[in-house]
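Peer 1: I'd like to ask you about the structure that follows.
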Amino acid sequence: MSKNVSIDWSSLSFSYTKTDLRYVSIWKDGKWDEGKLTEDNMITISEASTAIHYGQQCFEGLKAYRTPNGDVQLFRPDENAKRMIQSCNRVMMPEVPVEKFIDACMQVVKANLHWVPPYGTGATLYLRPYVIGIGHNLGVKSAPEFMFGVFAVPVGPYFKGGMAPVNFTIADMDRAAPHGTGAAKVGGNYAGSMLPNYEAKKRGFADCIYLDPATHTKIEEVGAANFFGITSDGKFVTPISPSILPSITKYSLMHLAKEYLKLSVEERDCYIDNLDEFTEAGACGTAAVITPIGGIEYKGQLHVFHSETEVGPVTKKLYDTLVGIQFGEIDAPKGWIYKVE
Ligand SMILES: Cc1ncc(COP(=O)(O)O)c(C=O)c1O
């Protein structure tokens, strides 16, 4: 696509578009090479790569935002870098150092600046860093070589025409095992979530909620997002579990709830039998931003929180604060914003 082609930014969806340049670096003989930008969006790897057969891979997701004065900024890329190190460790891949990760993201955004949607469209440039095991290997063991890549795709706002609540159902399948890979951002967790997601959508729900795999009594994840609830006495509550992916958006909201909205914050068990304790509920993540939860279907009953059509007041305030910071309208806590210069 040429630099002059005009895009209808406001009608972008969360889908793939080939942008100009992407970053690739190879790990071989114990170290990462310098890495380079390439126009080629296809990867040629050994048919015996561990990424293909044994799911030895991980990925990240973060966004570049255009601010009112036209600047471009990243939101907490250091946190994504640190989480990718955790994921790499869990599936025996070499760590990508934090500086290398941030440098790669910066290079990709700078090389695709005209793909960063204009301020006010609600659209952003989504970055997808990943590490995959490559090279010839047959047995179940760590790969001889690895590839670290980052590509960028302009994506639309999650909420078409405003922030509207959606309903979820409880999955009867698990996305993670009690001591498995749930806390790592590895592909296998997502392959396992495709069928329950498909089943939930077929029944008219936005996605499904996963309960803890050991007892099936506590809320863990809302599709590919974390859960939060607001209690009638104004507490921000979110589940804690070793099989939840630690959401950067969730930890950011915990800080904003406490410091900006002056709410008390609790990270603790959220029992599916005790949904009455919440007057509002939401799903949060980089792609979802904040999705208000209208209701949750459990054992044939739909439990409605604030409303199936209206966004609750605390959820709205959290959304406005988070998005305001990400787009540079509200002062961010120190160290959260990385300007692309
Ligand atoms: C399973 C899962 N949970 C939660 C999240 C939200 O995490 P974050 O806020 O870091 O995007 C994501 C998305 O990355 C996810 O895939």
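All of the numbers you see were taken from the coordinates with simple rules; none came from a lab. Source: prediction; values computed, not measured. For neighbour counting, all protein chains shown are included, and Cβ atoms are generated from backbone atoms with ideal geometry for every residue, glycine included.
Peer 1: Which residues make up the longest stretch of the chain clear of chymotrypsin sites (Phe, Trp or Tyr not before Pro) that lie in a DSSP loop with no more than 14 other Cβ atoms within 10 Å, not counting the sites? Can you show the working numbers first?
Peer 2: On the way: sites that count: F14, Y16.
Between the exposed loop sites, the longest stretch runs 17-341.
Peer 1: Could you tell me how many degrees, from 0 to 90 and to the nearest 10, lie between the Cα long axis of helix 77-90 and the main elongation axis, the longest principal axis, of the Cα atoms of the chain?
Peer 2: 80
Peer 1: What number, in percent, do you get for the relative contact order of the chain if the mean sequence gap of Cα pairs under 8 Å and at least 6 apart is divided by its residue count? Don't jump to the answer; show the numbers that get you there.
Peer 2: Details: 730 pairs, mean separation 63.7, N = 341.
Reported relative contact order: 19 percent.
Peer 1: Can you divide the C-alpha Rg of the chain by 2.2 N^0.38 Å and report the result to two decimal places?
Peer 2: Rg over 2.2 N^0.38 Å, computed on Cα atoms: 1.00.
Peer 1: If each Cα of segment 1-134 is one equal point scatterer, what is log10 of I(q)/I(0) from the Debye formula at q = 0.10, 0.16, 0.17 Å⁻¹?
Peer 2: -0.37, -0.90, -1.00
Peer 1: Give the angle, between 0 and 90 degrees and rounded to the nearest 10, that separates the Cα long axis of helix 248-259 from the longest principal axis of the Cα atoms of the chain.
Peer 2: 50
Peer 1: Would you look at the GNM of the chain, springs on alpha carbons closer than 10 Å, and say which of A143, A214, A184 moves the most?
Peer 2: Largest GNM mean-square fluctuation: A214.
Peer 1: Going through segment 297-340, which trypsin sites (Lys or Arg not before Pro) have at most 16 other Cβ atoms within 10 Å and a DSSP loop state?
Peer 2: K299, K334
Peer 1: How much mean residue ellipticity at 222 nm does the chain get from its helices, if each DSSP H run of length 4 or more adds -39500 (n - 2.57) and you divide by all residues, to the nearest 500 deg cm²/dmol?
Peer 2: -7000 deg cm²/dmol
Peer 1: Any idea what angle helix 313-326 forms with the longest principal axis of the chain, computed on alpha-carbon atoms, 0 to 90 degrees, nearest 10?
Peer 2: Long axis of 313-326 versus the principal axis of the chain: about 20 degrees.
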